[in-house]
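See below for the structure under consideration.
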Amino acid sequence: QVQLTESGGGLVQAGGSLKLSCAASGRTATTSAMGWFRQAPGKEREFVAAIRWAGGGPEYADSVKGRFTIARDISGVSAYLQMYSLNVDDTAVYYCAIAFRGRSWTYWGQGTQVTVSS
């Protein structure tokens, strides 16, 4: 019913920047929020950032506050993650997710690899 397509991942040196994009298609009329999660090898998937469609401030994991910024495009049902001051610990597969009214994180993207070299 809903497809999420991520892009923007790649290889970057420590201290560099990268911008991820996520576009949703399909039955998105009742979208309530979009967010980003990440998973490093051998570790569980963790929350990174989320933004609500109806307003209110975005939410960030403590590990990325001050370095990452999430933005939304309501008309295009898209979410973006601008990442600054990247470090090796940010290396992971980043996943986009979408939430609907009364249902959180229902669909997930395939993931995009972000690799930060020292």
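The values are calculated or read from the model by the stated rules, or taken from the named source; none is laboratory data. None of these values were measured; they are calculated from a predicted model. Don't worry about glycine lacking a Cβ; one is built from the backbone with ideal geometry, like all the others, and counts go over all protein chains shown. The protein model used for the area step is the full one, side chains on, heavy atoms only, and it has no ligands, DNA or RNA in it. Shrake-Rupley method; radii C 1.70, N 1.55, O 1.52, S 1.80 Å.
With +1 on the Cβ of every Lys and Arg and -1 on the Cβ of every Asp and Glu, and nothing else charged, how large is the dipole of the chain about its Cα centre, in debye rounded to the nearest 20?
Charge dipole, the chain, about its Cα centre: 320 debye, nearest 20.
Using Cα pairs closer than 8 Å and at least 6 residues apart in sequence, work out the relative contact order for the chain, in percent.
36 percent
Two decimals is fine: what is log10 I(q)/I(0) at q = 0.11 Å⁻¹ for the chain, from a Debye sum with one equal scatterer on every Cα and no solvent?
-0.32
Keeping every protein chain present and rolling a 1.4 Å probe, give me the accessible area per residue for the chain in Å².
54 Å²
If you roll a 1.4 angstrom probe over the protein chains with everything in place, what fraction of the accessible area of the chain belongs to carbon and sulfur, to the nearest %?
Carbon with sulfur: 46 percent of the solvent-accessible area.
Lys and Arg at +1, Asp and Glu at -1: add these up for the other residues within a Cβ distance under 10 Å of residue 92 and post the number.
0
Describe numerically, in nm with one decimal, the distance between label points set 7 Å from Cα along Cα→Cβ at residue 5 and at residue 29.
It works out to 2.3 nm between the two label points.
What is the spin-label model distance, in nm, from residue 62 to residue 84 if the labels are put 7 Å beyond Cα along the C-beta direction?
Label-label distance for residue 62 and residue 84, simple model: 2.3 nm.
Rounded to whole Hz and in sequence order, give me ³J(HN,Hα) for region 25-39 from the Karplus expression 6.51 cos²θ - 1.76 cosθ + 1.60, θ = phi - 60°, writing x for Gly and Pro.
Here the 3J(HN,Hα) series is 9, x, 8, 10, 4, 9, 4, 10, 6, 10, x, 10, 10, 9, 9 Hz.
Which residue, chosen from 60, 32, 93, occupies the Cα position most advanced towards the positive end of the dipole of the chain, where the dipole is computed from +1 (Lys, Arg) and -1 (Asp, Glu) charges on Cβ about the Cα centre?
Of the listed residues, the answer is 32.
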